[in-house]
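Here the structure is laid out as structure tokens; the discussion comes afterwards.
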Amino acid sequence: MFSWCWSREGFGAMIAGYSPVVQALLGTLFTWGLTAAGAALVFVFSSGQKRILDGSLGFAAGVMLAASYWSLLAPAIDMAEDSGKYGAFAFLPVAVGFTLGAAFVYCADLLLPLL
């Protein structure tokens, strides 16, 4: 049923006939609309329903982790494997970069309240 969205040709044919600028605008407006709809849930739920909001935050974190893996980490591992420099340890440069990024965010979280 949704096999058209998994092929590059099928996805591009969805909005074929529009210029690349209009396609970018439509994509931006679509993602903005979904983000705004998700953020608007804080107005729907009262503060007494903290479990629902916590669950939503956990779901959003999971989505972002999946997006970072499939869009950033997996291609980086593939590039490291293709380079042939690391052999069986092709994951290592990506793991180091991911760990340094996590450490930076953690340190920023600790330092920002002090500023």
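The values are calculated or read from the model by the stated rules, or taken from the named source; none is laboratory data. Remember, predicted model here, so these are calculated numbers, not experimental data. Methodologically, a virtual Cβ is constructed for each residue, glycine included, from the backbone with ideal geometry; neighbour enumeration extends over all protein chains shown. The area values use the complete protein model at the heavy-atom level, side chains included, leaving out ligands, DNA and RNA. Shrake-Rupley method; radii C 1.70, N 1.55, O 1.52, S 1.80 Å.
Things to note:
- Total residues in segment 1-54, condition assigned to a loop (DSSP other than H, G, I, E, B) and modelled with pLDDT of 80 or more: 4
- Flag for VAL63 being surrounded by fewer than 10 Cβ atoms within 10 Å (Cβ to Cβ) and either in a helix (DSSP H, G or I) or modelled with pLDDT of 80 or more (or both): no
- Applying a threshold of 9 Å to beta carbon distances and a minimum spacing of six or more residues, or different chains, the list of pairs starting in segment 56-70 at a residue that is under 16 Å from ALA102 (Cα atoms) and ending at one that is open to solvent by 50 Å² or more (accessible area, probe 1.4 Å) and in a helix (DSSP H, G or I) reads SER68/PHE98.
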